[in-house]
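The values are calculated or read from the model by the stated rules, or taken from the named source; none is laboratory data. Predicted model, so just to flag it, every value in this text is computed and none were measured. Counting neighbours? That spans all protein chains shown, and the Cβs are built from the backbone with ideal geometry, glycine included. Just so you know, the surface numbers come from the protein's heavy atoms only, side chains and all, with ligands and any DNA or RNA stripped out. Shrake-Rupley method; radii C 1.70, N 1.55, O 1.52, S 1.80 Å.
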Amino acid sequence: MDFRPLHPLGRWVTVTHHEPYWKASFSRQAPLEAVAAVTQALPQLLGDTRHSNRIPITDTPLDQPAELHDWAVGDKGVLTSPDHYCRLEHTPGEETAWQVEHLFYEHAPLATFTQDAPEILVRQFFTYLATPIAVERSFGDLPPSTRQTRSALITPVRPAGVDIELVHALDQILGSPGRRR
């Protein structure tokens, strides 16, 4: 596994396997929980099952979590998020057979998987990506597009003695630390 936070093309984490060769790459905008789901699945994929009871591996086809979380299942293996910002495209036979894109980062995919990458890794990434569970983040860890478009609800980590709507407005104006709800 290669971790390069300053890579000029935005490839933040790359997982490469050599026998057979395959590669999965993740940009710095990819949700960390989805990347962690892939990296945590690697030991089981390679035969180490010591922690299999604590690290769930999904075996459901991609269309099931897509349908469960209201992703559109389109022609030619394209899954699109309910807000139409994110999509997963499968192009069998291409070197990069799986690509996860986000509208704000069209020239830098969130994730790519080469054609020989185990589909279980794609399922792991997608399952965490598609699940609409709120994730705690500090304000500084939100991608710039999220902060600028105000597409996330920011809630302070510390309890506030004032109305929460006022706190949300102040967070957006002042850029103070908070969490995504």
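Need pairs with beta-carbon distance below 8 Å; first residue in contact (Cβ under 8 Å) with a residue 24 or more places away in the chain and more than 16 Å from Arg123 (Cα to Cα) and within the stretch 19-37, second open to solvent by less than 10 Å² (accessible area, probe 1.4 Å) and of a type in the set (A, V, I, L, M); sequence gap 6+ or separate chains.
Pairs found: Ser27/Leu110; Ser27/Ala111; Gln29/Leu110.
Give the residues of the stretch 21-56 that are open to solvent by less than 80 Å² (accessible area, probe 1.4 Å) and not hydrophobic (A, V, I, L, M, F, W, C), sorted by residue number. Give the steps one after another, and end with the answer.
Kept after step one, since they are open to solvent by less than 80 Å² (accessible area, probe 1.4 Å), are these residues of the stretch 21-56: 22-27, 29-31, 33-39, 41-45, 47-48, 52, 55.
Lys23, Ser25, Ser27, Gln29, Pro31, Glu33, Thr39, Pro43, Gln44, Gly47, Asp48, Ser52, listed by residue number.
Could you figure out which of (1) open to solvent by less than 40 Å² (accessible area, probe 1.4 Å); (2) aromatic (Phe, Trp, Tyr); (3) at pLDDT below 85 isn't true of Phe126?
Result: Phe126 fails condition (3) only.
From the list Asp59, Asp48, Asp75, which one is at pLDDT below 85, over 14 Å from the mean Cα position of the chain (by Cα) and on the phi < 0 side of the Ramachandran plot? Even if it seems obvious, please write down each step before you answer.
Values: Asp59 fails: at pLDDT below 85; Asp48 fails: at pLDDT below 85.
Within the list Asp59, Asp48, Asp75, the selection yields Asp75.
Quick check on my filter: what residues within the stretch 69-78 are under 26 Å from Glu136 (Cβ atoms) and either touching a residue at least 60 places away in the same chain (Cβ under 8 Å) or open to solvent by less than 90 Å² (accessible area, probe 1.4 Å) (or both)?
Pass one, the stretch 69-78, residues under 26 Å from Glu136 (Cβ atoms): 69-71.
Hits for the stretch 69-78 are His69, Trp71.
Out of the residues in the stretch 102-114 that are open to solvent by 40 Å² or more (accessible area, probe 1.4 Å) and in contact with a Lys or Arg (Cβ under 9 Å, 6 or more places away or on another chain), which is modelled with the highest pLDDT?
Ranking the qualifying residues of the stretch 102-114, first place goes to His102.
Out of the residues in the stretch 67-108 that are outside any strand (DSSP E or B) and touching a His at 6+ places or on another chain (Cβ under 8 Å), state the one that is nearest to Ala24 (Cα to Cα).
Of all residues in the stretch 67-108, those outside any strand (DSSP E or B) come to 67-71, 74-77, 81-85, 91-95, 103-108.
Checking which are touching a His at 6+ places or on another chain (Cβ under 8 Å) leaves us with 76-77, 82, 85, 103.
On the way: Lys76: 21, Gly77: 18, Pro82: 25, Tyr85: 21, Leu103: 20 Å.
Of everything passing the filter in the stretch 67-108, Gly77 is nearest to Ala24 (Cα to Cα).
Tally up the residues in the stretch 92-128 that are aromatic (Phe, Trp, Tyr), more than 18 Å from Pro65 (Cα to Cα) and touching a Leu at 6+ places or on another chain (Cβ under 9 Å), please.
Kept after step one, since they are aromatic (Phe, Trp, Tyr), are these residues of the stretch 92-128: 98, 104-105, 113, 125-126, 128.
Filter again for more than 18 Å from Pro65 (Cα to Cα), leaving 104-105, 113.
Still in the running and touching a Leu at 6+ places or on another chain (Cβ under 9 Å): 113.
Summing the residues that are aromatic (Phe, Trp, Tyr), more than 18 Å from Pro65 (Cα to Cα) and touching a Leu at 6+ places or on another chain (Cβ under 9 Å) in the stretch 92-128 gives 1.
I need the full set of residues from the stretch 9-41 which are in a helix (DSSP H, G or I) and touching a Leu at 6+ places or on another chain (Cβ under 8 Å), in order please.
Within the stretch 9-41, Ala34, Val38, Ala41 meet the criteria.
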